[in-house]
Amino acid sequence: MDSTPTRTQVIAEHKRSGGRIAAVFPVHYSRALFRAFNILPVEVWGGGRTGNAGDAHLQAYTCSVVRGVLSAHLTGMLRDAELYCVPHTCDSLQGLGSLFLDLVDPGRPVIPIYLPRDEGPAAVAFMASELRAIYDRLAELTGSRPSDADLQRAIDRECEADSVLAAMLELQGRLALPARAFYAAARSREYLPAEQFAAAGRRLLETTVRREEPAGVPILLSGIVPEPEEILDQLDAAGASIVADDMACCGRRNYAMSTNSDPFGRMAEQILGGPPDSTRGVAVERRLAHLLSLASARRVRAAVFYEVKFCEPEAFYLPQLRRGLEEAGIKTLALEVDISERPSHQIATRIEALLETLA
Amino acid sequence: MSLANQLRYHLNVSIVGNSVLRLQRWQGEWQMSRPGSWQNAHIAPPVAVAPRLKELISRHYLKGQYAHLGRKVAWVTSGAPVEFLVALGYFVLYPENHAAVCGIRRMSESLCTAAEDAGYSPDLCSYARTDIGSVLTGKTPVGKVPRPDVLVCCTNICQTVLFWYRVLAHHFNVPLIVIDTPFLYTEATERAVAYVKAQLEDAVIVAERVAGRSLGFDKLKQATRYSRQACELWMKIMECGQHRPAPITAFDEFFHMAPIVEMRGEAFTVDYYAALLAELEQRKANNIGAVTVESKRLLWDNLPVWHRVRWLSEMLAERQVALVASTYTNAWGELAHLVDPERPMESAATVYLHPILNRGTGHKLKTMRRMVDDYQADGVILHSDRSCKPYSIGQIGQRNRLADELGAPALLLEADHNDPRAFSNEQVATRLSAFLELLEK
Amino acid sequence: MSTVVAIGADAGSTTTKLVGISHDGVIVWETIEPTEPRMREQLERLLATIPGSGGSAGPTVPVVATGYGRNLVDTKHRRVTEITCHATGVYRSIRSSGTLIDIGGQDSKVIVIDAAGGVVNFAMNDKCAAGTGRFLEVVAARMRESVQDFAALALSSPEEVAISNTCTVFAESEMVSLLAQGHAIESISRGLHRALARRVASLARSAGAVAPLMMSGGGAHNVALRALLENELGAAIRLPAKPQLMGAYGAALLALRRAAA
């Protein structure tokens, strides 16, 4: 995806054409809702060189994603955003949203989105009502009121992009691409407009050499976000091929399709019908069944859990998921990372040792 | 319950158990009444009703031990609506409370280690690790913890409990009722109340199915009435701390709160708090302070440090400092006025959306400001609790604002509510001493 | 002396170890020195000293490098992690399946070995120094004792101070305060060794440790740690003849295996 524009270019281009930018924090929200207002959601996952300015407001036991996001805000890295959107992903992102509303000046409107921890009709109805309330906020901010038909069209575009992402994930291990390049392409969904992502993704699928079999030992990658990216290089170097993805930023947002004629109900059903995710508090059995089915479909030999330190949603599931996978003959490895730091030497050793045990 | 089991339950709990516990209580009361039985010069002797508290708690766990003879058992989170479970005859167990008991009895460290041995990260909430450790090893300081028939998890205190209860549900293979309470960044909306109410109605159906009986509306109203009465009395008990000298400290409340958390909705809880309140009123009238010489008054924010309650309370008392209130114990009283026994389901939906932990950092700051005023506190200790992110995030800003606005010292104290390994006596002692020196200026 | 036919080089964070073995897998040459800041040069120099194996041109026999600095050797040599190397070395020495505990300067590892000598599972300590040899180095230095003497003190004490905190920073301040309260250095030392042993035992249990227990690495020389680990895990620990060389020995065995293949 060499021709894929960068985040900065996309933001500049969107603003030039008269659109607005929203900085959106992890994990679940509806892109279509923002796009219907000509607002481009650009996601911020806290990685990269954000510094540690966030430490002025957050204790050291807050995860590096949340501290990185706040640091990015405090150091002016998010200055292009005219509004912030904070999904209610976990206690720490809840805290961040609340800090912005009460204690740390965000300098722009902040819209929290609540994520129901249930999937029944009451939860879908609440999620739909939550999205409708955000619609009203955005209408107030922009002065426009997109029709239901506008919303449905925006959702259709996102569905199209989602299906391209799904095709990429399906072929993940067989595309002759370094892991870092694959994730750069898949994660461009975090800032590219849906139609551009879909076009770029299709191009990638057409032009990349496909192998019959993965080049390395097939593994499944689970976690929140694959940062720092050096770990992807270390996996490649050790002879692993990531063939299945269960990352919150990628595979867990391979959303369900819905045909609901109410656009808000449709968006809600898509999010709540997505693959089992820790941050939605899905039952252990369902997460395990999902991982096992991915593993058997792609002949996975090991699962690598790429965990952000202090991430409670992830850490609670880990022992039972690992046990379930091990019982099915799949080796597991848990790596704990601070996404703002370079991975330690020990992480490379753990990865290499895992691959040695599979040799 | 079969007739034989019914008889065994009554024999063990109502006849033998009750008699033994009553006897122990009398012994306790008699020992307390002997001159010279209380040795601490800085802290007033415990209230005379204290042995009754011990009796209540012991009886609660005794009922748990024999619950297998016929009562259904629900494990619930501390902020969960419990009235419908009480009305359905469940024995209700609070893992968080049980974990705190483990912390007080110095068992939490080994239980946390057991959970870590099984792969649970040392960064997870220490309540959760303590209880998971207890579940995995069967070790507990309370005799025996009954296995759950149903789990009830309400997310109004944190999301942590949701993941924790998912682990329990997988382990025990029992139904889990989730009551998802949208976080109130500002105010509760009607749609949020409607969502919670819909979930409560679904919860009742599951709980009825597990219990094998249907919910009697009169019983629900009765339990809700007791709940409200107990919460009101609890609030009045805490408000006694506004008196100078304060007849009760937050350290005392940490122990006296057990019934309001785990025996809400029961008549005996109302009786106990009525007796405690009467005694505190008497102490107020006689100007008896919980700290013998009270020079300074402090507000506490966040959970107690269960494994160091006594150490901290003695340290402060020696310096003539009374911890007159806490946002934590306050949480079980401040919503009493929202409880409406005539509309139990509707009011529950509202009440259980509003705990301080389900509201924004600004609301907590406002609460602390008000409590500093109401209790005439000279300063605030904010326990920065490694194990409780929702309670702790925001404290840095809250501390700064309190200090700036009130000109009163506010200390951020790094600790962990149940894991002694994340606590350094030496560092805490130094920081606290420096803080108290500031206060004395 | 038999000819060196394969070499293992273990470039650890504290010491660098080289082992040469004969065709029947016996150690015929060994060297150990403190790791120098210029690890690459040190490795090249040491490799050139191996008797009868190429001199300054570097060894002509197969080499496997392991340890922290394994990637610094010439790319023509194979690199294998210390997990596989320690397991290989210890399995060859003790000839048993079981659980190998390796307490190094920066890392502690628990490696579960199967009946064929393969690694079934492994676990390593988390980022902080608690649970590694570094923890004891820091506190022993604070007490102005060598690690060995500090361990001997621990074993000489019938009493033990309870120390729950294994954070190196906290433990240091806690230790100072315990001394100020008049506790004997012996019982404090025992308490600290106990804290470390608990931490490592917990790591072992999380990896699904099975008997017998074995130890390698520098920590195996610490008598107090060994005794308390046996006590915590309720099983005896078996030691190979040269615990500290097991990484390098395993590497040499792997080099030999490759040469034979």
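Numerical summary
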{"read-out": "Neighbourhood charge, 12 Å Cβ-Cβ cut-off, centred on B:ARG370 and excluding it, Lys, Arg +1 and Asp, Glu -1", "value": "0"}
{"read-out": "Only Lys, Arg (+1) and Asp, Glu (-1) charged, at Cβ; the protein assembly as shown dipole about Cα centre in debye", "value": "1260 debye"}
{"read-out": "Share of carbon and sulfur in the accessible heavy-atom surface of region B:212-278 [1.4 Å probe, %]", "value": "51 percent"}
{"read-out": "Computed [θ] at 222 nm, deg cm²/dmol, chain B (DSSP H ≥ 4; -39,500 (n - 2.57); rounded to nearest 500)", "value": "-16500 deg cm²/dmol"}
{"read-out": "Buried solvent-accessible surface, both chains (B, C), 1.4 Å probe, Å² to nearest 100", "value": "900 Å²"}
{"read-out": "Accessible surface buried upon A-B contact (total; probe 1.4 Å; Å², nearest 100)", "value": "4200 Å²"}
{"read-out": "3J(HN,Hα) from dihedral phi, region C:196-209, Karplus parametrisation 6.51/-1.76/1.60, rounded to Hz, x for glycine, proline", "value": "5, 4, 4, 4, 5, 4, 5, 4, 5, 5, 5, 8, x, 4"}
{"read-out": "Amide H contacts under 5 Å for B:LEU93, placed H, 5+ residues apart", "value": "B:ALA74, B:TRP75, B:VAL76"}
{"read-out": "Minimum 30 Å² accessible area buried by the other protein chains, region C:204-223 residues, probe 1.4 Å, relative to alone", "value": "C:ARG205, C:SER206"}
{"read-out": "Area projected by the alpha carbon convex hull of chain C, averaged over all directions, nm²", "value": "13.9 nm²"}
{"read-out": "Calculated from backbone phi, Karplus (6.51, -1.76, 1.60) coupling profile of region C:246-255 in Hz, x at Gly/Pro", "value": "4, x, 5, 5, x, 4, 5, 4, 5, 5"}
{"read-out": "Mean separation of Cα contacts under 8 Å (6+ apart) over length of region B:1-124, as relative contact order %", "value": "22 percent"}
{"read-out": "Cα long-axis angle, helix A:263-272 against chain A (0 to 90 degrees, to the nearest 10)", "value": "30 degrees"}
{"read-out": "Length-normalised contact order for region A:7-147 - Cα pairs under 8 Å, 6+ apart - percent", "value": "23 percent"}
{"read-out": "Rg/Rh ratio calculated on Cα atoms of region A:7-147 (Kirkwood radius)", "value": "0.97"}
{"read-out": "Listed residues C:HIS221, B:HIS307 arranged by accessible area, highest first, probe 1.4 Å", "value": "C:HIS221, B:HIS307"}
{"read-out": "Largest to smallest accessible area among A:LYS331, B:LYS139, C:LYS242, B:LYS54 [probe 1.4 Å]", "value": "B:LYS54, B:LYS139, C:LYS242, A:LYS331"}
{"read-out": "Ratio of the Cα radius of gyration of region B:113-179 to 2.2 N^0.38 Å, where N counts its residues", "value": "1.09"}
{"read-out": "Charge dipole (debye, nearest 20) of region A:7-147; +1 at Cβ of Lys and Arg, -1 at Cβ of Asp and Glu", "value": "500 debye"}
{"read-out": "With DNA, RNA and ligands ignored, accessible area of C:HIS183 (1.4 Å probe; Å², nearest 10)", "value": "70 Å²"}
{"read-out": "Cα-Cα P(r), region A:155-232, percent of pairs per 10 Å interval", "value": "17, 50, 30, 3"}
{"read-out": "Principal axis dimensions, region B:327-441 - Cα atoms, whole angstrom, descending", "value": "52, 33, 20"}
{"read-out": "Selection from C:VAL161, A:GLY324, A:ALA237, by position along the positive dipole direction of the protein assembly as shown (Cβ)", "value": "A:GLY324"}
{"read-out": "Zone of C:ALA115's modelled label, taken as backbone nitrogen in region A:303-347 under 13 Å from a point 7 Å along Cα→Cβ", "value": "none"}
{"read-out": "Loop-exposed GluC sites (Glu not before Pro) per DSSP, neighbour cap 13 Cβ within 10 angstrom, longest uninterrupted part of chain A", "value": "A:1-211"}
{"read-out": "222 nm mean residue ellipticity, helices alone, for chain A (DSSP H n ≥ 4; -39,500 (n - 2.57); rounded to 500)", "value": "-14500 deg cm²/dmol"}
{"read-out": "Residue of A:SER129, A:SER92, A:SER278 that the Gaussian network model of chain A assigns the largest fluctuation, springs spanning Cα pairs under 10 Å", "value": "A:SER129"}
{"read-out": "HN-Hα J in Hz across region B:68-79 - Karplus 6.51, -1.76, 1.60, θ = phi - 60°, x for Gly and Pro", "value": "5, 6, x, 8, 6, 10, 10, 9, 9, 7, 5, x"}
{"read-out": "Where only C-alpha atoms are counted, convex hull volume of chain A per residue in Å³", "value": "129 Å³"}
{"read-out": "Over region B:210-279, relative contact order from alpha-carbon pairs under 8 Å, at least 6 apart, %", "value": "44 percent"}
{"read-out": "Quotient of Cα Rg and 2.2 N^0.38 Å for region A:190-261, N being how many residues it contains", "value": "1.33"}
{"read-out": "Heavy-atom accessible area, 1.4 Å probe, ligands and nucleic acids excluded: residues of region C:60-90 down by at least 30 Å² from chain alone", "value": "C:TYR68, C:ARG70, C:THR81"}
{"read-out": "The protein assembly as shown pair-distance distribution - Cα-Cα, 20 Å bins, rounded %", "value": "12, 39, 36, 12, 1"}
{"read-out": "Sum of side-chain charges, C:ALA220 neighbourhood, beta-carbon under 13 Å (Lys, Arg +1; Asp, Glu -1)", "value": "+2"}
{"read-out": "q = 0.20 Å⁻¹, region B:72-214: log10 I(q)/I(0) [Debye, one scatterer per Cα]", "value": "-1.19"}
{"read-out": "Chains C and A together, accessible area buried on both sides, 1.4 angstrom probe, square angstrom", "value": "1400 Å²"}
{"read-out": "Set C:LYS17/C:LYS109; B:LYS284/B:LYS364; A:LYS309/B:LYS389; B:LYS72/B:LYS389 screened for pairs whose C-alpha atoms are more than 22 Å apart", "value": "B:LYS284/B:LYS364; B:LYS72/B:LYS389"}
{"read-out": "Convex hull volume per residue in cubic angstrom - Cα atoms of region B:1-102", "value": "121 Å³"}
{"read-out": "Alpha carbon Rg of region B:384-441, scaled by the compact-globule rule 2.2 N^0.38 Å", "value": "1.22"}
{"read-out": "Cα-based Kirkwood hydrodynamic radius, region B:275-379, one decimal, Å", "value": "15.9 Å"}
{"read-out": "Percent carbon-and-sulfur accessible area, chain A, ignoring ligands, DNA and RNA, probe 1.4 Å", "value": "50 percent"}
{"read-out": "Reduced Cα scattering model of chain B, Debye log10 I(q)/I(0), q = 0.06, 0.09 Å⁻¹", "value": "-0.24, -0.56"}
{"read-out": "Nonlocal amide H pairs with A:VAL24, under 5 Å, H built at 1.01 Å", "value": "A:VAL42, A:GLU43, A:VAL44, A:CYS85"}
{"read-out": "Accessible area expressed per residue, chain C, with surrounding protein chains retained (probe 1.4 Å, Å²)", "value": "40 Å²"}
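The values are calculated or read from the model by the stated rules, or taken from the named source; none is laboratory data. Note that the structure is a prediction, hence the values are computed from the model and not measured. Positions of Cβ are generated from backbone atoms using ideal geometry, with glycine treated the same way; all protein chains shown enter the neighbour counts. Keep in mind that these areas ignore ligands, DNA and RNA; they rest on the heavy atoms of the full protein, side chains included. Shrake-Rupley method; radii C 1.70, N 1.55, O 1.52, S 1.80 Å.
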